[in-house]
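What follows is one structure encoded as structure tokens, with my remarks underneath.
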Amino acid sequence: MRAISEGVKRVFIEALAQGHTVTRATKIAGINDRSPYLWRQKDPEFAELWDQAIEAGCAMPWRMRRDAALSKALKKLSSVLAKWSRTRTAKS
């Protein structure tokens, strides 16, 4: 049981480090919303990892949003250019 718990904790911490909220990290780890708070209270090492993960993840959300927006814009532009190119070719 302990090995599973440690693996779940690792998944939770990694999700936080990737910039996810605590609520989203619990969903990714497949645990209820209260478990990590209980672990944090009982395990100082887990609490320290949590703090480090939050710090590491703080810069991630804006980068992720920027990258997602750029990717979406490029796909849209590519689609528009392809359609425009087909239309011009058909008229020629």
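Nothing in this text is a laboratory measurement; each read-out follows from the coordinates by a stated rule. From a predicted model like this one, the values you see are computed outputs, not experimental measurements. FYI the Cβ positions are ideal-geometry reconstructions off the backbone, even for glycines, and counts take in every protein chain you see.
Please tell me the relative contact order of the chain in percent, rounded to the nearest whole number, where contacts are Cα pairs under 8 Å and at least six residues apart. The normalised contact order for the chain reaches 27 percent. In straight Cα distance, which aspartates and glutamates are under 18 Å from K42, not counting same-chain residues fewer than 8 positions off? The reachable aspartates and glutamates, counting only those whose Cα sits under 18 Å from K42, are E6, D33, D51. Tell me which label goes with the value of Rg/Rh (Cα atoms, Kirkwood Rh) computed from the coordinates here: [x] 1.34; [y] 1.52; [z] 0.95. The value matching this structure is [x].
For a straight C-alpha distance cut-off of 27 angstrom, the lysines reachable from K75 (same-chain residues fewer than eight places away being disregarded) are K83, K91. With 0.36 nm allotted per residue and the present C-alpha distance subtracted, the K76-D43 stretch has 7.1 nm of extension available.
Since only T89, I13, A53 are under comparison, the one whose Cα sits farthest along the positive direction of the charge dipole of the chain, derived from C-beta charges on Lys, Arg, Asp and Glu, is T89. Gyration tensor over the Cα atoms of region 1-46: the corresponding equivalent ellipsoid has semi-axes (square roots of 5 times the eigenvalues, largest first) of 15, 12, 10 Å. Report note on the peptides 47-57, 67-77, 12-22, 33-43: ranked by the mean count of other C-beta atoms within 10 Å, highest first, their order is 12-22, 47-57, 33-43, 67-77.
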